[in-house]
Amino acid sequence: MPPSEPNFIDLLEASTVSAVHLEMRDVYGVGDEAEDFERWKATGVRDTDPASPYWAPWVDLVSRAAARGVRMRRARIVSEPVTEYIRYEHAGTSVNVKAGEEVRWLGRRQAADLFVPACDLWIFDGTSVLFNHMSGDGDWAEPGFELRTEHALASRCTEAFAQVWERATPHDAYKLR
């Protein structure tokens, strides 16, 4: 994203009503979580301490948004049986929830008749869409983000998220398959 455009943190901090995240990949390979993922694969233990150096910046950001009354929701469309990465992600989701996010999971088969965008995204206050562009191996592609504010596009993405959210299972009730 060009420096003149707001980044994710700017967009979240400017939000007043909602921030929703739609995730649809079965594997991510982003560098900032590589060490934690490798440790989890080796030990089966996931860092779930909201105050840890790994989680604290995210928990602080989400907690501030929630304190302003911003409703944060995250929906994950996943293939079942789930990948090792999704098991890792599921193991840490309790921290997202403790920070103030609502998280739901939807098996890809249950989403087959839904029309969703081609890539992960964030929607802020139903008006700004931040697309996340990833490479085939799950790392950030260049440019990693694309901000779009066209009303029709934001409305379509918001509707797609709402349909996924309605079908998805809350984190506490979702059983990994």
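Structure above, values below:
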| read-out | value |
| --- | --- |
| Sparse-neighbourhood loop sites, trypsin sites (Lys or Arg not before Pro) in the stretch 1-103 - DSSP loop, at most 14 other Cβ within 10 angstrom | R68 |
| Shape of the stretch 61-137, Cα gyration tensor, a/c cut at 1.5 | oblate |
| Amide H partners (placed H, <5 Å) of R71, local residues excluded | S18, A19 |
| Percent of beta bridges antiparallel (DSSP, the chain, rounded to nearest 5) | 55 |
| FRET efficiency for E35 and T158, using Cβ-Cβ distance with R0 set to 25 Å, rounded to 0.05 | 0.10 |
| Added length on full extension, which subtracts the Cα-Cα distance from 0.36 nm per residue, V45 to D172 | 43.8 nm |
| The chain, helix-only ellipticity at 222 nm - DSSP H runs n ≥ 4, -39,500 (n - 2.57), divided by all residues, nearest 500 | -11000 deg cm²/dmol |
| Anisotropy class of the chain from Cα gyration tensor, a/c 1.5 cut | rounded |
| Separation in nanometres of the label points that stand 7 Å from Cα toward Cβ, at D137 and K98 | 3.2 |
| Span-rule helices in the chain, defined as complete DSSP H runs reaching 18 Å or more along the axis (Cα) with Kyte mean at least -1.0 | 84-99, 151-167 |
| Given charges at beta-carbon only (K, R positive; D, E negative), |dipole| of the chain in Debye | 760 |
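Since every read-out is calculated from the coordinates, none of them should be taken as a lab result. Not measured: the values here are computed from a predicted model. Neighbour counts run over all protein chains shown; Cβ positions are idealised from the backbone, glycine included.
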